[in-house]
Amino acid sequence: MRIPVTVVALLAVLLPGIMSAAVARDRYQLLSLNGSLVKWGAPALKSGATVSYAFAASAMHFPTARNCRAIDAMTSLFDDPAISPEVLDRETAAAFAMWEQAADIRFVRTDDATKAGIVIGVQAVPRGIAYADVDYRRDQDGGIRAIRQSRICLNPERTWKIGFDGDRTIYDLRYALAHEIGHAIGLDHAGPSGQLMSFRYTELFRGLQPGDIAGAAALYGAADPTVVAAPAGAGPAASVERLPADVPAVERPLTRMN
Ligand SMILES: [Zn+2]
């Protein structure tokens, strides 16, 4: 998403320089839309929420959306033999599970995309790599507004992969979905690098970083410690989360996430 951001992490404002290392490591940015923070559930920080999600089953149109105005079902992704419906389900569930383990937010899959909180599809007009769009209630004030629906749309003309292989021109599906889900729940980009919500795609890590977790907890409260890890690590992707030896620390701007 390319939305101007005016809100920065509170800690970074209060303690410039003093905790610079810690601030950088925990860096996050809450999404600010027309001057308001946006989140699921009650319009209050650190309040939990449960959100449904669905894959688009057919063409859907959102005429007022900034991104993802027209999305189609995911079926064209299955032209790639590496991506079956089962793989898509698994990778998507793993991406949502990352956020469930980071904060007091739960995701429930539903089959009815018209009623889902988060709708996932492919772009009817392919561009970029992936986008998210957040629609929120306009009738609330007080600096925080409730999200009504979020959409995530992937470019179906791009090649997607499962796991890392060091080629940062082809994106890992789980990573991209987790990043867009971050937007869909109210997080903006956390600078260029270092977090999953940073705008440069990296293969240095495949899970949420301290700033991602801090940002989600700022919106929804800390995760329930009794939540057990979802089967996110299942499948062939679990073994590829190690740092590839040949990945440079500074990445090319080519690999920008939206
Ligand atoms: Zn992004």
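Structure notes:
- Highlighted here are the strands (runs of 3 or more DSSP E) found entirely within the range 95-168 that include at least 3 residues which are of a type outside the set (Val, Ile, Thr): 105-109, 130-136, 144-154.
- When the range 183-198 is filtered for residues that are in contact with a strand residue (DSSP E or B) (Cβ under 8 Å, 6 or more places away or on another chain), within 10 Å of the ligand (Cβ to nearest atom), part of a loop (DSSP other than H, G, I, E, B) and not aliphatic (A, V, I, L, M), only ASP188 remains.
- Per-region count, the range 210-229, residues farther than 16 Å from GLU100 by Cβ and within 16 Å of the ligand (Cβ to nearest atom): 1
- Cβ pairs under 8 Å, 6+ apart, first in the range 126-140 and under 10 Å from CYS153 (Cα atoms), second among the acidic types (Asp, Glu) and more than 10 Å from the ligand (Cβ to nearest atom): PRO126/GLU157
Listed here are the residues, each with its yes/no results for (1) among the β-branched types (Val, Ile, Thr); (2) at pLDDT below 95; (3) closer than 24 Å to PHE164 by Cβ.
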site	(1), (2), (3)
THR6	yes, yes, no
ALA12	no, yes, no
HIS61	no, no, no
PHE96	no, no, yes
ASP112	no, no, no
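- Some residue of the range 14-28 being within 24 Å of ILE120 (Cβ to Cβ), modelled with pLDDT of 95 or more and not in a loop (DSSP other than H, G, I, E, B): no
- Qualifying residue in the range 71-91 (condition: under 14 Å from the mean Cα position of the chain (by Cα), away from the ligand (no atom under 16 Å from the Cβ) and at pLDDT 95 or above): yes
- Subset of the range 122-160 (residues that are more than 13 Å from SER76 (Cα to Cα) and small (Gly, Ala, Ser)): GLY128, ALA130, ALA132, GLY142, GLY143, ALA146, SER150
- Residue within the range 170-182 that is touching a residue at least 40 places away in the same chain (Cβ under 8 Å) and in a loop (DSSP other than H, G, I, E, B) present: no
- Test: GLY41 is part of a strand (DSSP E or B) and modelled with pLDDT of 95 or more: no
- Taken over the range 146-172, the criterion of being within 29 Å of LYS39 (Cα to Cα) and either within 15 Å of the ligand (Cβ to nearest atom) or over 19 Å from the mean Cα position of the chain (by Cα) (or both) is satisfied by SER150, ARG151, ILE152, CYS153, LEU154, ASN155, TYR171, ASP172.
- Restricting the first member to the range 20-31 and to residues that are more than 16 Å from GLY186 (Cβ to Cβ), and the second to residues that are at pLDDT below 70, the beta-carbon pairs closer than 6 Å and six or more apart or on different chains are VAL23/LEU11; VAL23/ALA12.
The values are calculated or read from the model by the stated rules, or taken from the named source; none is laboratory data. The shown structure was predicted, so the numbers you read here are calculated from the model rather than taken from an experiment. Don't worry about glycine lacking a Cβ; one is built from the backbone with ideal geometry, like all the others, and counts go over all protein chains shown.
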